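In what follows, a structure is listed as structure tokens, so that the remarks can point back to it.
The values are calculated or read from the model by the stated rules, or taken from the named source; none is laboratory data. Please read all numbers here as calculations on a predicted model, not as lab measurements. We place every Cβ from the backbone using ideal geometry, glycine too, and count neighbours over all the protein chains shown. These area figures cover heavy atoms from the full protein model, side chains too; ligands, DNA and RNA do not enter into them. Shrake-Rupley method; radii C 1.70, N 1.55, O 1.52, S 1.80 Å.
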Amino acid sequence: MDSTLAEGSMFNASMQTSPGSMVNQCKFEEDDEGDSKDIFITVDNPESHVTAIETFITYRVLTKTTRSEFDNSEYEVRRRYQDFLWLKGKLEEAHSTLIVHPLPEKFVVKGMVERFNGDFIETRRKALHKFLNRIADHPILSCSEDFKVFLSAQAWELTTYKKQGPGFLSRMGETVRAVANSVRGVKNRPEEFNAIQEYVEDFSNKISSLDKVTQRIVKEQKEYLEELKEYGPTYTLWSGSEEELAEQLKGVAGCIERCCKETEEQVGHLSDTLVPVLHEYVLCAETLKAVLRRRDNIQAEFEAKNEALATKKVDRDALKEEIDKLEDRVEWANNALKGDWGRWQRSMRGDLKSAFLSTAEKNVDYYEKCLAVWETFLLSQRTEPSEETDRDNTP
């Protein structure tokens, strides 16, 4: 693949925008985070709620901001998962070719009961925290009125606001058009988007494979840990009936116990650091595929209108006006995706690099500690030659 695609530089260099375009007004290049960040969000304090018909978890969302469009500088609201889902949908609806960070899945593989254990709730809390902060760091998504309402409105106000959206028939019409455009397909997709699509497919295959293998390794290591916890006590029990080997048996039991603690920490680190990041980018790959499909749908509709104009069987003036609007929409969609593509790649590489380095450092630390445990045991078992001679001469 072209190296310029991999770095995202070819898109920034070739981007053309109309004077009024939002892309022309917003810088997609990374700014100095410390100087430019003006909104800080924390998701914490999960609470369980039980009603007559459902049980659900809400999370506290704390916001501190210096932005003028907010009436206050600090907000505290509580949100449940479906509220986050609503926000994601609204952002994708308003900015169909911007890359909205994925949410964690609603359910886990083992079933709904698992949704309410502590580990799952904490994993979801971290993911929701990251989701909101990704939006807050985005130059366009962070300016969304829906995002502002999500952060500042009380629960009843948010419920009222949600009802102001388009009606069912309007949403159905958009869905029908999207399906029709998808079936029709695009005839002349720009080569740069073919290259992006190829990259995404390749990335998706690789990250999905890593995710599956890593989760399998963690599962096997947890099983090994459980075996290890039973292994040490066996040596201790044996030492009670084998006086001549008691010292060595107890020593081995002690080594296993200490290594067991290190293994538990190492598995925990892998579960908390590498697994979430890999799975997050599995979901990101699916998000990218959806964004590319939406871009194609916009272009497909534009191509279809042009074909209709060529047949001369319609009101040409009205259709020409509609085509001009669609042309602007295609331009906006292309430029938005180009800019966000480079931004997404930088974020992805930073996240994965950090996770890989952290995992490597933890592995080195783990093996060094376990090695030290066993080396100490071996040193304790060494005896001087004179001691061996005295022992051999003992009647």
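Values computed for the structure shown
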| quantity | calculated |
| --- | --- |
| Leading residue by the ranking (nearest to N205 (Cα to Cα)) among those in the range 265-295 that are over 21 Å from the mean Cα position of the chain (by Cα) and open to solvent by less than 20 Å² (accessible area, probe 1.4 Å) | R295 |
| Any hit, the range 306-313, residues being touching a residue at least 12 places away in the same chain (Cβ under 8 Å) and assigned by the TED database to the domain that holds S354 | yes |
| Filtered residues of the range 208-239 (kept if open to solvent by 90 Å² or more (accessible area, probe 1.4 Å) and touching a residue at least 12 places away in the same chain (Cβ under 8 Å)) | K222, Y224, Y231 |
| Residue match in the range 300-313 (condition: modelled with pLDDT under 95 and not in a helix (DSSP H, G or I)) | yes |
| Search result, residues across the range 141-193 that are modelled with pLDDT under 85, part of a helix (DSSP H, G or I) and open to solvent by less than 30 Å² (accessible area, probe 1.4 Å) | G173, N181 |
| Close pairs from the range 88-104: first closer than 18 Å to K338 by Cβ, partner open to solvent by 20 Å² or more (accessible area, probe 1.4 Å) and in a loop (DSSP other than H, G, I, E, B), Cβ under 6 Å, at least 6 apart | none |
| Flag if R293 is in the same structural domain as E201 (by the TED database) and either within 17 Å of H95 (Cβ to Cβ) or in contact with a Phe, Trp or Tyr (Cβ under 9 Å, 6 or more places away or on another chain) (or both) | yes |
| Close pairs (8 angstrom Cβ cut-off, 6 or more residues apart or separate chains): on the phi > 0 side of the Ramachandran plot and buried (at least 17 other Cβ atoms within 10 Å of the Cβ) in the range 341-358, at pLDDT below 95 and assigned to a helix (DSSP H, G or I) anywhere | none |
